[in-house]
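See structure below.
The values are calculated or read from the model by the stated rules, or taken from the named source; none is laboratory data. Note that the coordinates shown come from a computational prediction; the quantities given were computed from them, not determined experimentally. Methodologically, a virtual Cβ is constructed for each residue, glycine included, from the backbone with ideal geometry; neighbour enumeration extends over all protein chains shown. Calculation scope for accessible area: heavy atoms of the full protein, side chains included, ligands and nucleic acids excluded. Shrake-Rupley method; radii C 1.70, N 1.55, O 1.52, S 1.80 Å.
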Amino acid sequence: MEEGTSLDKLFPGRRALVEEVAAQGAMRRRLQDLGFIPGAQVECLGKSPMGDPKAYRVRGAVVALRGRDACLIRVRPI
């Protein structure tokens with residue numbers, strides 16, 4: 001089993017399971033409302049030409065997150 005990492009380190013085409021949302025307050029609530037909850041499967045779909053933001057599929061929705069927000073989500077690659 002691979003070690004956990006942060007979502008911003010996930011390469012396009014790779015999938016992972018959300019382990020923890022380390023954000024606080026309104027940002028934590030926003031990420032959870034978008035579907036980033038423990039146990040949810042997330043897939044990195046691609047990144048912008050400059051590398052930030054990246055697009056992720058989580059719970060059937062496509063969401064773009066900046067690296068500074070994605071690094072707050074701990075995942076375990078699958």
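The helix-based estimate of mean residue ellipticity at 222 nm for the chain, built from -39,500 (n - 2.57) per DSSP H run of four or more residues and divided by its residue count, is -4000 deg cm²/dmol to the nearest 500.
MET27: net charge of surrounding residues, Cβ under 12 Å, Lys/Arg +1, Asp/Glu -1, itself excluded? Here the count lands on +3. Across the chain, how large is the tail of the calculated P(r) beyond 19 Å, expressed as a percent of all Cα pairs? It works out to 23 percent of all Cα pairs. Site pair ASP33 and MET50 shows an inter-label distance of 2.6 nm when each label is modelled 7 Å from Cα along Cα→Cβ. Taking VAL62, VAL21, VAL42 in turn, the Gaussian network model of the chain (Cα-Cα springs below 10 Å) assigns the largest fluctuation to VAL62. Once the 1.4 Å probe is applied to the protein heavy atoms, the chain comes out at 61 Å² accessible per residue.
For the chain, the carbon plus sulfur part of the accessible surface works out to 50%, probe radius 1.4 Å.
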